[in-house]
Amino acid sequence: MNKELIINSSENGVEIALLEEKKLVEIHNEKMDARWSVGDLYLGKVKKIIPGLNAAFVDVGFEKDAFLHYTDLSPYIKSVIKFTQLSMNDDNHSFDFGKFQTAAEIIKTGKISEVLNGKPTLLVQILKEPIAAKGPRLTCELSLAGRFVVLTPFNEMVAVSKKIHSGEERKRLQKILEAVRPKNFGIIVRTAAEGKSTAELHEDLLTLTQNWKNIQSNMKGALPPARIMNEESKTNSILRDLLSEDFNKIVVNDKKIYDLTLSYLQRIAPHKTNILSLYSGDQEIFDQYGITKQVKSSFGKTVNLNSGAYLIIEHTEALHVIDVNSGFKSVGNNQEENALQTNLEAAEEIARQLRLRDIGGIIVVDFIDMKLPDNRRKVQEALEEHMKTDRARHSILSISKFGLLQATRQRIRPEVNINTSEDCPACAGSGKITSALLLEDEMEKKLAYLATHGHKSLVLVVHPIIHSHLTKGLFTSIIKRWKNKYKIKLKSQASNASHLVKYQFLDDQQEEIVI
């Protein structure tokens with residue numbers, strides 16, 4: 001499977017699109033002012049204990065206190081509290097984590113009021129980002145993710161991913177990491193570690209242990225609420241989790257991000273640095289790779305399939321509902337076969353939509369009714385197969401005789417919701433526009449002004465329809481006439497982001513000229 005990562009940097013942040021076989025499957029938006037990210041470590045102060053919920057609210061600097069349930073405390077919570085106090089008070093840097101004496105584990109059925117009595121300060125990790133009016137959800141089961149291993153402080157276990165099926169390989173990895181495991185750390189071996197050498201695994205482990213030392217250092221003298229460690233940028237975390245031999249292209253339109261990504265690739269996969277390139281085309285990067293069009297067609301209430309069938313995706317307070325409709329699709333006269341083929345096509349798109357929108361919680365899919373149990377099983381198995389590439393934990397139940405399939409999907413971030421409807425490109429919602437007949441005259445007036453003020457090379461960015469109008473005729477086009485009339489270099493550039501009657505002039509540095 002060919003995978004491509006397209007990274008678009010703008011003044012508002014960074015958009016990251018993951019393509020599989022040219023089809024958009026994930027889109028991430030990393031805002032410049034983003035503060036909360038799953039995996040970040042914070043120094044928090046317990047503010048309130050709710051015995052009825054067996055949970056506590058912790059101040060980590062969000063407008064609403066974060067939620068910490070007893071089941072997320074970790075069996076090693078007493079060690080976490082002890083470590084937090086020692087690190088905060090380590091004035092002379094004498095605290096050696098390798099000699100740290102862990103405290104007794106807590107029981108699974110205990111009470112949070114007994115564990116967090118005194119409302120201590122403790123090190124916590126973001127488990128779920130703030131969603132709607134809720135604050136973040138926290139965990140004290142701390143973990144540091146690398147490319148091949150995950151480091152888990154305060155325990156002594158080595159566990160191997162169940163997705164590594166070879167018994168011999170599991171034993172090999174277990175033996176290697178048992179030998180290099182630092183004291184007071186546990187290790188989870190990731191699927192990506194399969195077939196990796198001892199040196200590669202050890203290097204990944206050393207990087208994570210150094211990160212833990214940096215966390216210790218950052219905690220010295222810190223006062224809650226305080227962020228102790230940032231998770232890696234989304235670009236790096238996607239590369240860390242997904243980079244494989246299937247990746248054949250990473251394209252970036254920003255030199256700074258290009259340099260950071262190159263540095264990261266050189267560290268984690270030097271043999272893959274050749275797949276990285278810096279985009280310098282005239283067209284916007286998401287337009288060039290067809291991402292803008294896919295976003296427009298993939299979000300919204302209705303999603304059309306190639307065959308003419310379509311999905312209706314609705315979000316209620318408690319769950320998401322996806323309805324499969326056959327539309328004008330017709331495979332033959334056999335109604336059962338028609339239903340099966342439509343449902344199989346829908347299953348592939350549903351798996352993509354769950355990833356693309358990052359839909360979580362309870363999901364109910366209303367497939368077209370099928371009478372045969374074998375056909376219902378085929379559709380369920382198809383959905384399970386297409387969701388194998390989904391990194392979020394999920395569970396799928398069998399299709400009922402009513403054609404309903406129930407599923408759950410891990411929810412750790414707000415759902416990606418992109419508004420695909422647009423204001424009227426002519427009136428911007430006002431209901432009135434300047435006559436289109438005057439648009440050409442208006443552009444020429446501004447062009448004349450720029451030409452008389454020393455601009456010798458210009459790019460006119462317009463809607464594709466206007467671009468076609470301006471460039472129609474090789475020797476008789478309007479652009480050609482303007483170039484000859486004002487003795488300047490002039491180029492028309494089509495942009496899907498431009499409204500129908502909106503336009504802008506760019507100078508030879510590709511900077512907008514504001515008149």
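Per-structure values
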{"item": "Subset tally (residues that are over 32 Å from the mean Cα position of the chain (by Cα) and either within 20 Å of residue 287 (Cβ to Cβ) or open to solvent by 100 Å² or more (accessible area, probe 1.4 Å) (or both)) for region 480-502", "result": "7"}
{"item": "Near pairs, Cβ below 9 angstrom, 6+ apart or cross-chain, from region 426-454 (over 22 Å from residue 497 (Cα atoms)) to any residue that is loosely packed, with under 12 Cβ neighbours inside 10 Å and modelled with pLDDT of 85 or more", "result": "451/487"}
{"item": "Conditions (1) surrounded by fewer than 16 Cβ atoms within 10 Å (Cβ to Cβ); (2) assigned to a strand (DSSP E or B); number of the one not met by residue 223", "result": "(2)"}
{"item": "From 324, 295, residue being in contact (Cβ under 8 Å) with a residue 60 or more places away in the chain, touching a Ser or Thr at 6+ places or on another chain (Cβ under 9 Å) and of a type in the set (Val, Ile, Thr)", "result": "295"}
{"item": "Output for region 226-264, where each listed residue is polar (S, T, N, Q) and either open to solvent by 60 Å² or more (accessible area, probe 1.4 Å) or assigned to a helix (DSSP H, G or I) (or both)", "result": "230, 235, 236, 237, 248, 261, 263"}
{"item": "Residues satisfying the stated conditions in region 304-318, i.e. under 21 Å from the mean Cα position of the chain (by Cα) and open to solvent by less than 60 Å² (accessible area, probe 1.4 Å)", "result": "313"}
{"item": "Of residues in region 25-41 being touching a Lys or Arg at 6+ places or on another chain (Cβ under 9 Å), within 16 Å of residue 239 (Cβ to Cβ) and of a type outside the set (Val, Ile, Thr), the one modelled with the highest pLDDT", "result": "26"}
{"item": "Wholly within region 135-220, strands (runs of 3 or more DSSP E) carrying at least 1 residues that are surrounded by fewer than 19 Cβ atoms within 10 Å (Cβ to Cβ) and either among the basic types (Lys, Arg) or touching a residue at least 40 places away in the same chain (Cβ under 8 Å) (or both)", "result": "137-139, 149-153, 185-189"}
{"item": "The one condition in (1) in a helix (DSSP H, G or I); (2) modelled with pLDDT under 90 that residue 341 fails to fulfil", "result": "(2)"}
{"item": "Qualifying positions in region 418-458 - surrounded by fewer than 12 Cβ atoms within 10 Å (Cβ to Cβ), at pLDDT 70 or above and touching a Phe, Trp or Tyr at 6+ places or on another chain (Cβ under 8 Å)", "result": "none"}
{"item": "Residue 46 within 15 Å of the chain's Cα centre (by Cα) and open to solvent by less than 40 Å² (accessible area, probe 1.4 Å)", "result": "no"}
{"item": "For residue 333: the one exception among (1) assigned to a helix (DSSP H, G or I); (2) free of Cβ contacts under 8 Å to residues at least 12 places away in the same chain; (3) not aliphatic (A, V, I, L, M)", "result": "(1)"}
{"item": "Qualifying residue in region 364-380 (condition: out of contact with any helix residue (DSSP H, G or I) (no Cβ under 9 Å at 6 or more places or on another chain), free of Cβ contacts under 8 Å to residues at least 12 places away in the same chain and not acidic (Asp, Glu))", "result": "yes"}
{"item": "Filtered residues of region 270-287 (kept if surrounded by 12 or more Cβ atoms within 10 Å (Cβ to Cβ), without any contact (Cβ under 8 Å) to a residue 60 or more places away in the chain and in a loop (DSSP other than H, G, I, E, B))", "result": "279"}
{"item": "Boolean, residue 322 is aliphatic (A, V, I, L, M), modelled with pLDDT of 90 or more and open to solvent by 50 Å² or more (accessible area, probe 1.4 Å)", "result": "no"}
{"item": "Count of residues meeting criterion [closer than 21 Å to residue 228 by Cα, assigned to a helix (DSSP H, G or I) and not hydrophobic (A, V, I, L, M, F, W, C)] in region 50-105", "result": "8"}
{"item": "Count - residues of region 66-120 that are under 33 Å from the mean Cα position of the chain (by Cα), surrounded by fewer than 18 Cβ atoms within 10 Å (Cβ to Cβ) and on the phi > 0 side of the Ramachandran plot", "result": "0"}
{"item": "Checklist (1) within 25 Å of residue 215 (Cα to Cα); (2) without any contact (Cβ under 8 Å) to a residue 40 or more places away in the chain; (3) not polar (S, T, N, Q) applied to residue 108, failing item", "result": "(1)"}
{"item": "Within region 349-381, tally of residues that are over 30 Å from residue 131 (Cβ atoms) and either among the aliphatic types (A, V, I, L, M) or open to solvent by less than 10 Å² (accessible area, probe 1.4 Å) (or both)", "result": "4"}
{"item": "One residue from 127, 123 being within 30 Å of residue 358 (Cα to Cα), open to solvent by 20 Å² or more (accessible area, probe 1.4 Å) and either free of Cβ contacts under 8 Å to residues at least 60 places away in the same chain or among the hydrophobic types (A, V, I, L, M, F, W, C) (or both)", "result": "127"}
{"item": "Given (1) under 29 Å from residue 226 (Cβ atoms); (2) surrounded by 16 or more Cβ atoms within 10 Å (Cβ to Cβ), index of the condition residue 6 fails", "result": "(1)"}
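The values are calculated or read from the model by the stated rules, or taken from the named source; none is laboratory data. For clarity, every value in this text was computed on a predicted model and none was experimentally measured. Cβ atoms come from the backbone with ideal geometry, glycine included; neighbour counts cover every protein chain shown. Accessible surface is based on the protein model in full, side chains and every heavy atom, while ligands, DNA and RNA are left aside. Shrake-Rupley method; radii C 1.70, N 1.55, O 1.52, S 1.80 Å.
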